[in-house]
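Report on the structure given below.
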Amino acid sequence: MYFKQFSESIPNLDSIRSSRESQIVAPPEHCHVLIVVRRGHIKISSGHSPESFVCTQGYAGHADRGPYVVQVPNTKQAEYTVIYYRILPDGRHWDLHGLLTTISEIKIHYMLDELLRTNQLESVQTFSGEEEAAQICRKRMMLERILFIFIYESHIRTPDVNSSHAIEESISYINEHYMLKLTLPMLARRAGMSAGHYTVLFKQATGRTMTAYLRSIRIEKAKQMFRETGQSAKEIAGLSGFTDYFHFSRVFKQETGFSPTAFQQTLLDR
């Protein structure tokens, strides 16, 4: 895809900012743009084409094809980050352009948060020459990693992706990230399919809906923590992915037949 170009180039961060508003993104001269959707979706069109694209994850804009019109739906909330970057050495061929997909949103969003935090720190703090050089290298490495993930995973997420493999990967993801806020639309998007199709295939693979499966995994993890730690029921509720203790208590009793405190007591009585 773009790996030969990428291996011979150095991406250098020019600027980064986040937005929730519609806007025209006009990169400075010789700058490319990377737009990463953090929440919701946006529509993107360029000055070189009347066609617009619905973007739910990422979009690469080429320096020669802007400016780009970013539209946030009137009835929806969205958040996205805009990165302006240059490819060094100057004049190096680079044609990354168009919609990008990923199954590693959490990694990318973490690095974006770090880049934004570093930029904010630099605006209020003065660094020595060596410290400034270290910050530049760090930002460059994170940008390179973000671009690599998008390029690689956009390549592997083709229309011929095996649906059963995508569901298997999604189940593994739930098992590893059960403590995070996981939603059906987000998981379906990671699997590269519609929410309806994902729901059908997930139930075929597990015998449960995604919501029921996630709930059972969280309760099993909570039971394990009750057995292995001395943490309180409220702490375990949060660690197992429940933001509301009363909801956790109700679900725990539905799944186990015991309230969390009663379950703890049965462990103490042994």
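Our Cα-only numbers for the stretch 158-270 put the radius of gyration and Dmax at 15.9, 55 Å. Projecting the Cα atoms of Ser170, Leu187, Phe252 onto the dipole axis of the stretch 158-270, where Lys and Arg carry +1 and Asp and Glu carry -1 at the beta carbon, places Phe252 farthest toward the positive end.
Taking Met111, Met225, Met210 in turn, the Gaussian network model of the chain (Cα-Cα springs below 10 Å) assigns the largest fluctuation to Met225. With only Cα atoms counted, the stretch 194-239 has Rg and Dmax values of 14.2, 42 Å. Size of the chain from its Cα atoms: along the principal axes, largest to smallest, the extents are 72, 48, 38 Å. In order along the stretch 35-48, the phi-based Karplus estimate (6.51 cos²θ - 1.76 cosθ + 1.60, θ = phi - 60°) of 3J(HN,Hα) comes to 10, 10, 7, 9, 7, x, 8, 9, 10, 10, 9, 10, x, 9 Hz; Gly and Pro are listed as x.
Working note: Karplus 6.51/-1.76/1.60 with θ = phi - 60° gives the stretch 76-91 the couplings 10, 9, 9, 9, 8, 10, 10, 10, 9, 9, 10, 9, 10, x, 4, x Hz, where Gly and Pro are set to x. Dipole magnitude for the stretch 83-235: computed about the Cα centre from +1 point charges on Lys and Arg Cβ and -1 point charges on Asp and Glu Cβ, it is near 740 debye.
For Lys139, the lysines whose Cα comes closer than 27 Å to its Cα, not counting residues fewer than 8 places off in the same chain, are Lys4, Lys107. Were the residues from Leu184 through Asp269 laid out at 0.36 nm apart, the gain over their Cα-Cα distance would be 26.7 nm.
Each part gets one Cα centre, and for the stretch 114-150 versus the stretch 193-270 those centres are 39 Å apart.
Fewest-first ordering of Glu21, Glu235 by other beta carbons within 10 Å of each residue's beta carbon gives Glu21, Glu235. Counting beta carbons within 10 Å around each of Phe148, Phe252 and listing the fewest first gives the order Phe148, Phe252.
Since only Ala26, Ala134, Ala78 are under comparison, the one whose Cα sits farthest along the positive direction of the charge dipole of the stretch 23-161, derived from C-beta charges on Lys, Arg, Asp and Glu, is Ala78.
With the simple model of a label 7 Å out from the Cα in the direction of the Cβ, Thr211 to Ser15 spans 4.4 nm.
Overall, the stretch 3-156 carries a charge dipole of about 420 debye about its Cα centre when +1 sits on the Cβ of Lys and Arg and -1 on the Cβ of Asp and Glu, all other atoms neutral. Hydrophobic, long helices, defined as DSSP H runs whose alpha-carbon span along the helix axis is 24 Å or greater and whose mean Kyte-Doolittle value is at least -1.0, occur in the chain at 105-124, 129-156, 210-228.
Highest mobility in the GNM of the chain, judged by mean-square fluctuation with C-alpha springs under 10 Å and restricted to Thr126, Thr243, Thr118, is found for Thr126.
Among Met142, Met179, the order by Cβ neighbours within 10 angstrom, fewest to most, reads Met179, Met142. In the chain, helices alone account for a calculated mean residue ellipticity at 222 nm of -16000 deg cm²/dmol, with every DSSP H run of four or more residues adding -39,500 (n - 2.57).
The Cα-based radius of gyration of the stretch 40-163, divided by its Kirkwood radius, gives an Rg/Rh of 1.00.
The slack in the chain from Glu169 to His247, taken as 0.36 nm per residue of separation less the alpha-carbon distance, amounts to 25.3 nm. For the chain, the dipole from Cβ point charges (+1 on Lys and Arg, -1 on Asp and Glu) about the Cα centre works out to 1080 debye, to the nearest 20.
Values quoted throughout were computed directly from the atomic coordinates according to the rules given, and no laboratory measurement underlies them. Bear in mind the structure is a predicted one, so any value in this text is a computation, not a measurement. Cβ coordinates were reconstructed from backbone atoms using ideal geometry, including for glycine residues, and neighbour counts include every protein chain displayed.
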